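Below: one structure, written as structure tokens.
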Amino acid sequence: MTTLAYAVRDSATMTRRSLRHLLRYPVTLVVAVAVPVLLLLLFVGVFGALRTSLGAHASYIDYVMPGIIVMTAGYGSSVTAQGVNRDSTEGIIGRFRTMAISPTSMLNGYVVSALARTLVSAALVIGVAMGLGFRPTAGAGRWLAAAGVTVLLALALTWLAVPFGLAAKTAEGLTGFILIVQLLPFISSAFVPPGQMSGSVRWFAAHEPFTPVIDTLRGLLAGTPSGGTMLAAAVWCAGLALAGYLWAQVLVRRDLSR
Amino acid sequence: MTSAITATGLRKSFGDKVVLDGIDLEVRAGTTFSLLGPNGAGKTTTVQIMSTLVRADGGEVRVAGHDVARDPAAVRAAIGVTGQFSAVDNLLTGEENLLLMADLHHLGRAEGRRRTAALLGQFDLAGAAAKTAMTYSGGMKRRLDLAMTLIGDPRIIFLDEPTSGLDPRSRRMMWQIIRDLVAGGVTIFLTTQQLDEADQLANRVAVLDHGQVVAADSPEELERSIPGANVRLHFAGTTGLDAAERALGGAFRHDDTLTLEVPSDGGAIAVRALLNRLGDTADEVDEVSVHTPDLDDVFFALTGHPTAEPAPEMENTR
């Protein structure tokens with residue numbers, strides 16, 4: 001077999017390993033669905049009264065759902081970072097590194113399995129939301145485009161989660177990353193249009209990376225034009241994914257003890 | 001005989017702390033080599049450099065004929081490593097851990113299953129094969145770890161303190177496994193803090209102290225260079241102590257503890273002969289104890305300082 005064929009085979013082995021963890025502890029997936037669904041219930045049920053101020057959207061759940069999808073991906077990436085960190089601190093990454101496996105195969109295993117997990121949880125969350133009255137007007141083509149945007153976002157967050165997981169010396173060291181991916185969507189266009197916020201919060205919400213992704217998803221699902229936000233979303237996601245990928249490549253090859 | 005591992009002028013520092021200060025080692029193929037030293041002596045760092053996990057600052061290391069810095073992939077293909085802390089996947093079962101290793105060594109499905117079953121049996125893990133490694137005891141985890149190392153049939157195996165923290169039974173089991181491996185032609189590079197472990201297993205021992213090799217020899221030669229075992233006789237009063245000292249001659253007397261220290265190999269025959277020489281004075285002896293040399297004695301003899309000196313533990317991080 002060629003080097004490439006071995007790399008593909010090792011990536012598949014590593015992916016199977018992570019997926020097996022998920023099957024053994026399905027509670028991980030249950031929580032990954034339950035957290036966004038709870039947020040959805042909170043916002044639709046408790047803050048649903050805000051809907052009057054939201055213009056074109058017939059129902060608040062249709063406005064909120066793109067943000068909830070993004071939060072599902074954010075929560076998924078914090079699970080990924082914790083899994084990578086556990087492997088790193090328990091020493092199994094050290095074992096893999098003394099074996100004839102390419103470091104990239106190891107990283108691919110994390111990313112592919114995390115992507116699968118995140119997309120399955122997003123699909124389940126959307127299913128629950130439909131039961132609660134989520135009625136996107138998108139046709140098949142727009143649904144496909146929305147799925148593509150979600151994959152791109154999940155890829156970006158996963159490639160960021162892996163190096164954060166490798167870099168942290170303890171699980172506590174991940175707190176910063178987890179806070180960012182779980183809280184940043186709150187200060188975006190997820191629940192309230194930034195135009196209705198005030199001062200510096202408005203500026204931040206309008207310019208942070210989650211906002212163009214949420215706006216793009218909202219446009220696609222509601223059938224309204226999303227214009228330039230799609231390009232901004234793609235650039236943010238591609239940039240974050242590349243930064244995470246390069247950082248991970250450095251970390252996975254560095255000296256094990258420092 | 002060819003060399004399985006050679007190190008020349010190996011140096012490594014972490015920050016301003018010099019961990020390895022120019023060490024030279026040679027391990028012949030098919031033998032057990034033991035690196036003996038206290039915590040912080042640089043044992044783990046040596047293993048990490050030889051197993052391609054850490055880059056050396058200077059010097060050259062060749063493992064299985066390949067330079068670790070220039071051709072790490074070839075080195076990795078030849079070695080197996082079992083570290084100080086079990087590196088098993090706690091969320092997988094023992095069997096799944098072994099099958100994972102088989103897949104990563106690109107063994108076929110049937111061959112992977114065959115070797116997994118054989119190793120589970122050989123390492124007394126067949127009964128726990130379907131349980132997750134998280135539920136294993138320390139000794140079981142260590143055995144699983146070593147079994148995972150053996151799946152790929154490595155010709156050179158690094159064992160970093162393989163028995164630290166194990167109970168005596170697990171320790172003996174591990175020793176037997178190591179002996180069987182060497183009988184099968186494998187080269188073992190073993191680090192340990194325990195003199196008796198090196199004595200039991202190694203063909204050659206190097207003593208590492210503050211990043212330098214202070215002695216390298218066969219265990220027999222090494223022991224000849226240090227004070228041997230002695231028998232200690234404790235008395236209730238000075239009368240017995242005086243009488244015994246006269247009867248034995250050449251014994252070392254400690255007045256403060258009312259003890260006589262007599263050089264001896266510590267065996268039953270030697271102790272009986274000693275008590276016979278005492279005659280009736282033997283009745284005055286309160287307590288007989290046998291002291292065998294340990295790492296502290298080796299260190300004291302070789303370096304003039306004890307091992308207890310606090311050395312910051314730099315090496316055990318991940």
Within segment A:1-27, tally of residues that are part of a helix (DSSP H, G or I), at the interface with chain B (Cβ under 10 Å from one of its Cβ atoms) and either loosely packed, with under 10 Cβ neighbours inside 10 Å or hydroxyl-bearing (S, T, Y) (or both)
4
Among the numbered criteria (1) crowded, with 21+ Cβ neighbours inside 10 Å; (2) in the same structural domain as B:A74 (by TED's automatic domain parsing); (3) not in a strand (DSSP E or B), which one does B:M173 miss?
(1)
Tell me, which residue of segment A:51-62 that is aliphatic (A, V, I, L, M) and surrounded by 15 or more Cβ atoms within 10 Å (Cβ to Cβ) is modelled with the lowest pLDDT?
A:L54
What number of residues within segment B:100-135 are among the hydroxyl-bearing types (S, T, Y) and without any contact (Cβ under 8 Å) to a residue 40 or more places away in the chain?
2
Could you list, in sequence order, the residues of segment B:67-89 that are assigned to a loop (DSSP other than H, G, I, E, B) and either of a type in the set (F, W, Y) or buried (at least 17 other Cβ atoms within 10 Å of the Cβ) (or both)?
B:V68, B:G83, B:Q84, B:F85, B:S86, B:A87, B:V88, B:D89
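Which residue out of B:R76, B:R62 is more than 10 Å from chain A (Cβ to nearest Cβ), out of contact with any helix residue (DSSP H, G or I) (no Cβ under 6 Å at 6 or more places or on another chain) and within 25 Å of B:V27 (Cα to Cα)? So that I can check it myself, show each step before the final result.
Values: B:R76 fails: more than 10 Å from chain A (Cβ to nearest Cβ).
From the options B:R76, B:R62, the qualifying one is B:R62.
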Looking only at segment A:84-107, count how many residues are more than 7 Å from chain B (Cβ to nearest Cβ), within 22 Å of A:Y25 (Cβ to Cβ) and of a type outside the set (A, V, I, L, M, F, W, C).
3
Conditions (1) modelled with pLDDT of 95 or more; (2) surrounded by fewer than 24 Cβ atoms within 10 Å (Cβ to Cβ); (3) among the hydrophobic types (A, V, I, L, M, F, W, C): number failed by A:V111
(2)
Matching residues in segment B:202-222 - criterion: being outside any strand (DSSP E or B) and closer than 23 Å to B:R62 by Cα:
B:A202, B:N203, B:H210, B:G211, B:S218
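So that you can scan it fast, the table gives a plain yes or no per residue for (1) touching a residue at least 24 places away in the same chain (Cβ under 8 Å); (2) closer than 28 Å to B:D297 by Cα; (3) touching a helix residue (DSSP H, G or I) at 6+ places or on another chain (Cβ under 6 Å); (4) not basic (K, R):
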| residue | (1), (2), (3), (4) |
| --- | --- |
| B:G139 | yes, no, yes, yes |
| B:R143 | yes, no, no, no |
| B:I151 | yes, no, yes, yes |
| B:D160 | yes, yes, yes, yes |
| B:S170 | yes, yes, yes, yes |
| B:G185 | yes, no, no, yes |
| B:L195 | yes, yes, yes, yes |
Kindly indicate which of A:T137, A:T104 is outside any helix (DSSP H, G or I) and surrounded by fewer than 18 Cβ atoms within 10 Å (Cβ to Cβ).
A:T137
Among the residues of segment B:243-252, which ones are free of Cβ contacts under 8 Å to residues at least 40 places away in the same chain and more than 15 Å from B:H291 (Cα to Cα)?
B:E245, B:R246, B:A247, B:L248, B:G249, B:G250
Looking at (1) acidic (D, E); (2) more than 30 Å from B:A198 (Cα to Cα); (3) surrounded by 13 or more Cβ atoms within 10 Å (Cβ to Cβ), which one does B:D283 not meet, given that it meets all the others?
(3)
Restricting segment B:295-318 to residues that are charged (D, E, K, R) and under 20 Å from B:G42 (Cβ atoms), the residue that is modelled with the highest pLDDT
B:D296
Tally of residues being within 15 Å of A:R97 (Cα to Cα) and in contact (Cβ under 8 Å) with a residue 40 or more places away in the chain across segment B:70-84
6
Evaluation of B:E26 against (1) surrounded by fewer than 17 Cβ atoms within 10 Å (Cβ to Cβ); (2) facing chain A (nearest Cβ under 9 Å) (one fails), failing number
(2)
Can you go through B:G15, B:G37, B:G22, B:G65 and tell me which one is over 30 Å from A:Q82 (Cβ atoms) and more than 22 Å from the chain's Cα centre (by Cα)?
B:G65
B:I226 vs. criteria modelled with pLDDT under 80 and of a type in the set (A, V, I, L, M)
yes
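The values are calculated or read from the model by the stated rules, or taken from the named source; none is laboratory data. Just so you know, these numbers come straight off a predicted model, no measurement behind them. In this analysis, Cβ positions are derived from the backbone assuming ideal geometry, glycine residues included, and neighbour counts consider all displayed protein chains.
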